[in-house]
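Asker: Below are the structure tokens for one structure; questions will follow.
Nothing in this text is a laboratory measurement; each read-out follows from the coordinates by a stated rule. This structure is a prediction, so every number in the text was calculated from the model and none was measured. Every residue, glycine as well, gets a Cβ built from its backbone with ideal geometry; the counts of neighbours run over all protein chains shown.
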Amino acid sequence: MPLMSARKLAIHCAFLAMTLAFAYGQSAAAAHHEVVIKNATVMTVTHGNIKNGSIYIKDGKIAAVGEAVNAPASATVIDAGGKYLTPGIVDSHSHIALDDDVNEATSPITPQMMMKDAFDYQDKAIYRALAGGVTTSLLLHGSANMIGGQAVVIKHKYGAARDEMLFPNAPRSIKFASGENPKRVYGSRDQLPSTRMGNFAVQREALVQAQDYMREWDNYNEKVKRNRDDKDATPPKHDLKLEALADVLRGKLMVQIHCYRADEMLTEIAMAKEFGYNLRAFHHALEAYKIADQLAANNIGIATFSDWWGYKQEAWDAIPWNAVMAMRKGVRVAIKSDSGDYDRRLNQEAAKTMRYGGATEEEALKMITLNAAWIVGVDDRVGSIDIGKDADLVIWDGYPLSSYGVPEKVLIDGEVYFDRTLPGLGTTHYKEGE
């Protein structure tokens, strides 16, 4: 057997040490479930900053927060050393951990696809985002389809079992996409849709089919209800695609739409009203500043870039003031990554809104915490430091809204999942076999 190189040996030893740390951490967590973080500048997002603040965590939830907290002497104490403490970052638009399965580009309408079925819980990108302070991500289908697949929401518990990483009871979302991407994918095959007209015609036709499908089932169920002994009552054929679209129309799926241009956003808003579904947010939304008042009036959020522009025709009218201009009109604005690289620096991306438009510290932080959590539908659980919420927290070495801010420790549900002060790669929950 060949000798192991020095580098491989070092990595192997680091992984072994982390495996032991994981085992110890699990037994320790089972023993108390209580943690106190003290001596921190607590950036709550919802009620200002608390200097020399403390947080008491019990059973994975925030039990108390303030200048002082009452906690049992048996609680594990983490001294933040005066450093900043924020909620965990929420990435409201990500495609990490989906390998090449992000697009089912065989049909423009594929709502029956489940991103959960493609979720690779061992993807190193989950760890890299965790090291950047990201604790929750919405993993979306790609934009090849007018109506794509159903999203999955994860917590970045890198090293945990697959199902432990799924965000418990997160609302369901589905990805729609208009504009250049679907028309390019199918137009290159001489297939409908190849134009923006074709895009919306395909989308509308699918939704009408879903209405017909619902009507057939409603008629059948009513017939059975009236006469339970009717042996001639034949149920309609189940169709997974139409059943998923029926859930969209029933309001069981929040619609997240990839869309750049103002005119197309207005068309999508009109179609959502026509069919009565929940249009939660536009993603990318680089021209949102042109119609911000209408987005706010319809309670539609945006998950946008800080300053990306000009990389394709739809992006030519992008401006770095977009996020703040929309926010000032009352739109819930999130800064998202759409990248396995930018997700590690979402704190810096949010900070750009302070430069472009004059967002306050709290407003910028909301764009990667509470506002992003609202778009995902989990703002009652994460996104701010409030009593009763999940203890998803980040201790920063340096000011968070700057290039000097680096996560030192990241906690999810009250457990430390990343600690930069540890030897090796910093993760505390590595499992053998990774």
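Asker: Could you give the C-alpha radius of gyration of the chain expressed as a fraction of 2.2 N^0.38 Å, taking N as the number of residues it contains?
Answerer: In units of the 2.2 N^0.38 Å rule of thumb, it is 1.06.
Asker: Sticking with this structure for a sec: Students often check this: by mean Cβ neighbours within 10 Å, which of 97-103, 129-135, 73-79, 110-116 ranks highest, and how do the rest follow?
Answerer: Taking the mean over residues of other Cβ atoms within 10 Å, the ranking is 129-135, 110-116, 97-103, 73-79.
Asker: Take the Cα pairs of the stretch 34-126, get the Kirkwood Rh, then feed it into Stokes-Einstein at 25 °C and 0.890 mPa s and tell me D in µm²/s.
Answerer: On the way: Rh = 16.5 Å.
Estimated via Stokes-Einstein, D reaches 149 µm²/s.
Asker: Over the stretch 283-434, what is the mean sequence separation of C-alpha contacts under 8 Å (at least six apart), divided by residue count, expressed as relative contact order in percent?
Answerer: Result for the stretch 283-434 is 15 percent.
Asker: Taking 0.36 nm per residue of sequence separation and subtracting the Cα-Cα distance, how much length would be gained by fully extending the chain between His33 and Lys312, in nm to one decimal?
Answerer: Contour length minus Cα-Cα distance gives 95.5 nm.
Asker: Please enumerate, by chain and number, the lysines with C-alpha under 17 Å from the C-alpha of Lys366, excluding those fewer than 8 residues away in the same chain.
Answerer: Lys329, Lys336, Lys352, Lys389
Asker: If you build a Gaussian network model of the chain, linking Cα atoms that sit under 10 Å apart, which residue out of Tyr356, Tyr84, Tyr404 swings the most?
Answerer: Evaluated over the chain, the most mobile residue of the options is Tyr404.
Asker: Can you give the FRET efficiency for Asp218 and Glu361, using 1/(1 + (r/R0)^6), R0 = 51 Å, r = Cβ-Cβ distance, to the nearest 0.05?
Answerer: On the way: r = 51 Å, r/R0 = 1.01.
Approximately 0.50, to the nearest 0.05.
Asker: Further, regarding this structure: Evaluate the distance, in nm, between pseudo-label points positioned 7 Å from the Cα of Ala233 and of Gln294 along their respective Cα→Cβ axes.
Answerer: So the label points at Ala233 and Gln294 sit 4.5 nm apart.
Asker: Ok, one more. Quick check on the chain: helices-only [θ] at 222 nm, where DSSP H runs of length 4 and up contribute -39,500 (n - 2.57) each and the sum goes over total residues. Nearest 500, please.
Answerer: Details: 11 runs with 134 residues, N = 434.
That calculation yields -9500 deg cm²/dmol at 222 nm.
Asker: Of the beta bridges DSSP finds with both residues in the chain, what % are antiparallel, to the nearest 5?
Answerer: In the chain, DSSP labels about 55 percent of beta bridges as antiparallel.
Asker: Give the calculated FRET efficiency between Arg189 and Ser403 to the nearest 0.05, with a Förster radius of 30 Å applied to their Cβ-Cβ distance. Mind showing how you got there, number by number?
Answerer: Details: r = 44 Å, r/R0 = 1.47.
That pair, Arg189 with Ser403, gives E of 0.10.
Asker: Further question on the same structure: Just to confirm the number: angle between the C-alpha axis of helix 240-249 and the first principal axis of the chain, 0 to 90 degrees, nearest 10?
Answerer: 80 degrees
Asker: If you don't mind, there's one more thing I want to ask. What percent does the relative contact order of the chain come to when contacts are Cα pairs within less than 8 Å and at least six residues apart?
Answerer: Answer for the chain is 20 percent.
Asker: Continuing with the same structure: Mind checking the angle between helix 346-355 and the chain's longest principal axis? C-alpha axes, 0 to 90 degrees, to the nearest 10.
Answerer: Orientation of helix 346-355: about 80 degrees from the principal axis.
Asker: Take the residue pairs Lys175/Lys252; Lys61/Lys157; Lys38/Lys58; Lys61/Lys155; Lys124/Lys155 and return only those whose Cα atoms are more than 19 Å apart.
Answerer: Listed pairs above 19 Å: none.
Asker: Ok, one more. Quick one: angle between helix 196-226 and the longest Cα principal axis of the chain, in degrees between 0 and 90, rounded to 10, please.
Answerer: That works out to roughly 80 degrees.
Asker: A follow-up question, please. How about Lys312: which aspartates and glutamates have a C-alpha closer than 14 Å to its C-alpha, ignoring those fewer than 8 places off in the same chain?
Answerer: Qualifying aspartates and glutamates at Cα under 14 Å: Glu180, Glu287.
Asker: If the cut-off is 22 Å between C-alpha atoms, which lysines fall inside it for Lys223, apart from same-chain ones fewer than 8 positions away?
Answerer: Cα-Cα hits under 22 Å: Lys231, Lys237.
Asker: Okay, moving on. For the pair Gln211 and Lys51, what calculated FRET efficiency results from E = 1/(1 + (r/R0)^6), where r is the Cβ-Cβ distance and R0 = 51 Å, to the nearest 0.05?
Answerer: Calculated transfer efficiency: 0.35.
Asker: Would you mind checking the stretch 169-189 for residues with the amide N under 14 Å from a putative spin-label position 7 Å along Cα→C-beta of Arg250?
Answerer: 172
Asker: Same structure, new question: Within 10 Å, count the other beta carbons around each residue, average over each peptide in 263-271, 250-258, and list them highest first.
Answerer: My ranking of the peptides, most packed first, is 250-258, 263-271.
Asker: For the chain, modelled as a Gaussian network with Cα springs under 10 Å, which listed residue fluctuates most, Leu245, Leu422, Leu393?
Answerer: Its mean-square fluctuation being the largest, the pick is Leu422.
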